Amino acid sequence: MATTNGEYVIDLHHVEKIYRGKVHALRGVEMQVHRGEIFGLLGPNGAGKSTLVKIMMTVVRPTRIGGTLLGRPIGHKPTLRRVGYLPEDHRFPRYLTGRQALEFYAALAKVDRRTRKRRAAELLTTVGMSDWADKKVSTYSKGMLQRVGLAQALVNDPQLVLLDEPTDGVDPVGRREIRDVLVELRRRGTTIFLNSHLLSELEMVCDRVAILVQGKVVMQGTIDDLTAQSRRYEITIQGAAPDWAQGDPSIRVEVLSDGQSKLIVQGSEPGPMQPILDRLRRESRIICAMEPVRETLEDLFMRAVTDPETGQVLQPGARRNAGARGRGKET
Amino acid sequence: MMQTVAIFLDAYRELNARKLFWITLILSGVVVVSFALIGINEQGLRLIMWDVPVPFLNTTVMSEETFYKTLFVELGIGFWLAWLATILALISTASIFPEFISSGSIDLVLSKPIGRLRLFLTKYATGLLFVGLQVAIFSVASFLVLGLKGGAWEPGILLAVPLVVVFFSYLFSICVLLGLATRSTIAALLLTLLIWFLIFSVHATESGILAFKLLTEQKVTALESRISSYEGTLQGLGKDANEPSQRRAASIRHRLEDRRSEVTDTKATLRKIEIAHRAALGVKTVLPKTTETIALLERWLIDLAELPAPANNDDSTIERLAESGAFTPDPEQLQLDAVEAIRGRSVGWVLGTSLAFEAGLLALAGGLFCRRDY
């Protein structure tokens, strides 16, 4: 993460959106994105992720909002000159070629003629579409459209890029290439806001994430911070667990099906593990494996979308009663 | 400015990609070529190299220049551009806004540093590009053909460009509002055509009532002339005391009473027609004047004096009313009176009220576009 002077690129406060007076899509979203980081927004279908992104990009009008985007109030149109955006399921005019589409959207972002021609050519090469640059977009596959869509989001050399499902429909090679592009952008100081369902993708590149459930941020922070409580060491040994381990409240014992046992010790530091290993050695126990384990992003996500009281996964979609209150556990 | 140019360039590319744009342009070319193939001489019409004798249409009835200007106004503009080409243009442009605001497409544009209202108005203007290009090419080609063939070097022909664009813009504003409201190209197109038909119906109703009013006025004038004639005759007969004269005087007095009674009734009818006409004109005032906007071109290009005079123009009005009281109207005079009545309406009224209607619709459509969530 490359936070400079603590400035937030996105700083959102009490964002609310009520559609047609009854569908409460966003219920007081608080979110901060630091400069130069890749920030991931997760959430089940209908959680309000796209609505939040569209509000930032002035596509949807908020019911209530506070905060800034690149230091200016949300909705300040001239600021969008420094922002790139790839909407989910974007549609380019079918009569344009890839190059023409990039140049058209660059012109709308007030990029001068010479620069937009140069940037379009460079970006088409970057996303691997230079051979298709002068073909009509109507002939492109879904993956190709995503690549050109990404190039479109970058054509104005933005300081902030918001990408809604950027790898949707892209093959594994393309996904890796897009990831590489994002990492390179971060290296150059660009802030990236990613909205994706692909948790493994996000886990690979994101510095920080927020989880949105039923229009409210229920978790926000670095993946390390969010998974800190779940960090543990797992020691797999041959045979049954020793009595002293079963009597130790800091050690949880699991019996495995193949005659092995697993000792689970909460914590992220390796130091407290050493006495346990020494004792197992002294007792001539065969240690099959020892590994540090933490929650995956998927585990984290599932925890976020599960009601702690009932253990049930929360229903997808926005709340229909505007006054309903949701969970508000933020990290 | 850069953004506006980009949107117009994009609109041009969109038009270029539409087959209908080229089909319409080719058909316009056919109409212009037909102008070049039709001529007029002392005997009648000349089609390519064949002479077709037409007693009511030759250079003794109207000049070659007036013939070509009339051909351009009536056939080129009135029939082709203001009807068929307009329908083709509506079919071509009806999808502009429904496609523009479709999900995934509008997001890309609204997320750019351009205001919604400016975006809406620029996109609206690009919709007029279709007709603007078509009518400009058509008018310039017609100007050349009419000049070279008929010697009618009439720059006023080029007034067709703004007039037809303004005429189309009335319909396009309806189409845009419906397209934004329904998000459906088909719904917008069909409803626009329906509303155009309704506007035309109001115009036809008003024109019909106007013709009836003029006819009734003509009858009142004839009745009054006849009454005046009877009164003169009676005055002459009054001095003559012989029996035949007295019998004739009694007969005329009887007919005079009939005519006086008839003129009172006709005037009462006329007042009712005038009220109906004012009501129809009032309805028409708030609607766009599609037909009259196109007719402005004829008003500017062709002077009434250039048109063939009514054949029975010398007939006395009184002769239209027989002794029996049967009234025979003068259709040519009626037509001329109708044209004069319509031409008497100011350009400001025709264009001003129509543009006010369009501005009202655009305000609604613009408000819808600017306030909506996409």
Based on what the data block shows, is A:Asp89 in a loop (DSSP other than H, G, I, E, B) and surrounded by fewer than 22 Cβ atoms within 10 Å (Cβ to Cβ)?
yes
Screening B:Ser139, B:Ser103 for residues that are away from chain A (no Cβ under 11 Å) and either over 22 Å from B:Asn16 (Cα atoms) or crowded, with 21+ Cβ neighbours inside 10 Å (or both) leaves only B:Ser139
Among the residues of region A:256-280, which ones are farther than 11 Å from A:Ile237 by Cβ and exposed (fewer than 11 other Cβ atoms within 10 Å of the Cβ)?
A:Ser257, A:Asp258, A:Glu269, A:Gly271, A:Gln274, A:Pro275, A:Asp278
Sort through B:Ala309, B:Ala241, B:Ala268, B:Ala279 and tell me the only one that's at pLDDT 95 or above, loosely packed, with under 15 Cβ neighbours inside 10 Å and more than 30 Å from B:Leu171 (Cα to Cα).
B:Ala268
How many residues does region B:167-198 contain that are of a type in the set (Val, Ile, Thr), in contact with a Pro (Cβ under 9 Å, 6 or more places away or on another chain) and surrounded by 22 or more Cβ atoms within 10 Å (Cβ to Cβ)?
1
Scan of region B:208-243 for residues that are assigned to a helix (DSSP H, G or I) and charged (D, E, K, R), ordered by number
B:Lys213, B:Glu217, B:Lys219, B:Glu224, B:Arg226, B:Glu231, B:Glu243
Taking the criterion of being surrounded by 18 or more Cβ atoms within 10 Å (Cβ to Cβ) and either acidic (Asp, Glu) or on the phi > 0 side of the Ramachandran plot (or both), would at least one residue in region A:147-167 satisfy it?
yes
A:Lys77 versus (1) within 13 Å of another protein chain (Cβ to nearest Cβ); (2) over 20 Å from A:Gln152 (Cβ atoms); (3) surrounded by fewer than 18 Cβ atoms within 10 Å (Cβ to Cβ): which is the lone unmet condition?
(2)
Taking region A:93-102 only, how many residues are facing another protein chain (nearest Cβ under 8 Å) and either closer than 17 Å to A:Val170 by Cα or free of Cβ contacts under 8 Å to residues at least 40 places away in the same chain (or both)?
1
Looking only at region A:184-206, filter to residues that are free of Cβ contacts under 8 Å to residues at least 40 places away in the same chain and over 23 Å from A:Pro44 (Cα atoms); which one of those is surrounded by the most Cβ atoms within 10 Å (Cβ to Cβ)?
A:Leu185
Only one of A:Thr79, A:Thr97, A:Thr68, A:Thr63 is closer than 18 Å to B:Gln3 by Cβ and among the β-branched types (Val, Ile, Thr); which?
A:Thr79
Hits in region B:1-24 (condition: more than 10 Å from every other protein chain (Cβ to nearest Cβ), under 25 Å from A:Lys110 (Cα atoms) and of a type in the set (Ser, Thr, Tyr)):
B:Tyr12
Among the residues that make up region A:150-157, is at least one of them within 11 Å of another protein chain (Cβ to nearest Cβ), over 21 Å from B:Val5 (Cβ atoms) and modelled with pLDDT of 95 or more?
yes
Quick test of your reading of the structure: B:Thr66 fulfils all but one of (1) modelled with pLDDT under 90; (2) out of contact with any Asp or Glu (no Cβ under 6 Å at 6 or more places or on another chain); (3) crowded, with 18+ Cβ neighbours inside 10 Å. Name the failing condition by number.
(2)
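The values are calculated or read from the model by the stated rules, or taken from the named source; none is laboratory data. Computed from a predicted model, the values in this text were never measured in an experiment. Here Cβ is always computed from backbone atoms with ideal geometry, including for glycine, and neighbour counts include all displayed protein chains.
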